[in-house]
Amino acid sequence: MMNSKIMLKKFVVLFIICFGYLSPIAAQQFTASTDYSKVGVNDRFQVSYTLSGADNSNITNFKQPSFNGFKVLSGPNQSSSIQIINGKMSASYSFSFILVPTAVGKYQIGSASISQSGKSFKSNELSIEVVQGQSQRSSNSGNNSSDDIDKDISKNLFILAIPDKNTVYQGEQISVTFKIFTRLNISSPQLSKLPQFNGFWTEDLDLPNNIVLTDEMYNGERFKTAVIKKAALFPSKSGSLTVTPFELKIPVVYKKKRNSRDPFNDFFDDPFFGRSETKEVLVRSNSVNIKSIPLPTTNVPASFNGVIGSYTFDATIDKQNVTQNEPFTLKLVVSGKGNIQLVDIPNIKLPGGFEKYDPKTSDKINRLGTISGQKTIEYLIVPRVSGQHKIAPIEFSFFDPNKKSYVTLKSPEFSINVAKGNGSYDAAGSGLAKEDVQLLNEDIRYIKTDLNDLTYQNDFSILTNWFWFFLIIPVLGLFGVIQFIKQQDKLNGNVRLSKFKKAEKAARLRLKTAKSFLDNNDFPGFYNSTYSAVFGYLEDKLSIQKADFTLDSVLEELKEKNIDSDLIERVKALAEKCEFVRFAPKGESQETAHTFFDTAVKLIVDLDNGIINRKKK
């Protein structure tokens, strides 16, 4: 046994020497930790002292503290480990003790010390509270009933939904973090039910592609924790709102306990001899209650259109001196914290004779924590009349929850000097139509009065087929233009109809983006883009406002339109699959992703057929 330990130690040292060049030497740390900070008077618990860094060789002079108030049942038990992740090596060496308290009270376990390669390290101290009686985890140690197992699992595996605040103004952001806590050996979780955010506009916050487990103390006990979902919520109405629980099905591996009180069973409780079983349990988070306060109704600016947050506003033009019919650009930039996507375009008042075209908008959104970003709006403006003109200051108003008041920001007044253009008609003192008025090279042509050289010709051969062709085509073209203008006016006057018409085209563009992510093996990006394609299509097709768009609202709308229940279930399954991949992307492959892509495309086609057929009826 001694030879084995010596050989193991030599192997560890050799491993460090051979692979130490992979990473620079990390700073050594010596820390004390315990699995429980609050224990019963008869509870056993563990205290560990760990030296961690890039090297665990040449460790000497470990001095344990005096465990006053506790009886040492076992220790020091020594263990070491080495990890190489992304070419970086880390090592640790631990000394652990099993303790049991001897009396009720609050105790302070002092620091331990150790030396490594001539350097001395000292650990932190630990505070332990000992209460009367025996904790539930100890008293049930000999039971093996299903109820006891379920109770033990529920105490050691749960999900918490943690809001950063519970009272907000309507439209103000709330961040809700869904975190899993475990002290058990668990396998890959399976999504059972997503939380419902009725009454909220939601944005998923960015998380690492892989779940990262960290140690965290909760109610005096140490757990492994990981964030599985984080969402930014914006209440779309005032009153009491509720976020429903997040549900996961999690396989738990546990060791079958023995009923006998024979002390020899402590030996056979070793993992090498114990019999392990797996049980799938449904883990449900708590509900979250949010109070949404309505916005003040006094001192509301005329330019306020529902924007909530904290913003800056800037307006610029690219040139001040132009000629008639020469375009210039007016650029508006809104930056700050809040729901940038819901920021509406400020109202612009142009002088007479100025023509503006539909604006080009672009968003840059940061979803790492508090939703923030920038919205850029660019107008192309064409002056049709010459002279000195002014564009009145542009106002942008929002409600700032931190200040609890409305804020109005104004741009400067812009002066535009429009020079008269060559060959252009200028209607002084009034605006012009959109069409340019061009002058002929010669104003009046000479009228011929001598008709002696004219002869009568009784021949209609000039009226060829080409003559009739060029005569009819303009007429047909005119009818086509009139019909097109009527259709555009109808679409422009009916936003819902416009979105309905353009839904399929927008879905194709989003699916094209998803396919590019798939070709680059970016599975989280692929599933996010596919989700946007399907539910962006439904948002446009069903004419659901962004602020009211939730999975439940979509399913309810499809039911009201008498869409087949099988198709509705496929929509729900696709949403849950996309959500699940956000926190469990490791199991995805090219094959499964391609299958999912084909499923999403077929789903959009089937939805399009189903919705259009119902609309015709």
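Taking all protein chains together and rolling a 1.4 Å probe, residue 510 ends up with roughly 80 Å² accessible.
Contact order, relative form, for the stretch 359-420: 30 percent (alpha carbon pairs under 8 Å, 6 or more residues apart, mean separation divided by residue count). With a threshold of 18 Å on the Cα-Cα distance, the over-threshold entries among 193/229; 249/602; 229/364; 237/559; 375/404 are 249/602; 229/364; 237/559; 375/404. Summing charges over all other residues whose Cβ lies under 13 Å from the Cβ of residue 280, with Lys and Arg as +1 and Asp and Glu as -1, gives -1. Any of 63/119; 390/410; 360/515 with alpha carbons more than 18 Å apart? Name them for me. Pairs exceeding 18 Å: 360/515. Equivalent ellipsoid of the stretch 329-427: semi-axes from √(5λ) of the C-alpha gyration tensor, largest first, are 34, 15, 9 Å.
The values are calculated or read from the model by the stated rules, or taken from the named source; none is laboratory data. None of these values were measured; they are calculated from a predicted model. Neighbour counts run over all protein chains shown; Cβ positions are idealised from the backbone, glycine included. Side chains included, ligands, DNA and RNA excluded: accessible areas come from the protein's heavy atoms. Shrake-Rupley method; radii C 1.70, N 1.55, O 1.52, S 1.80 Å.
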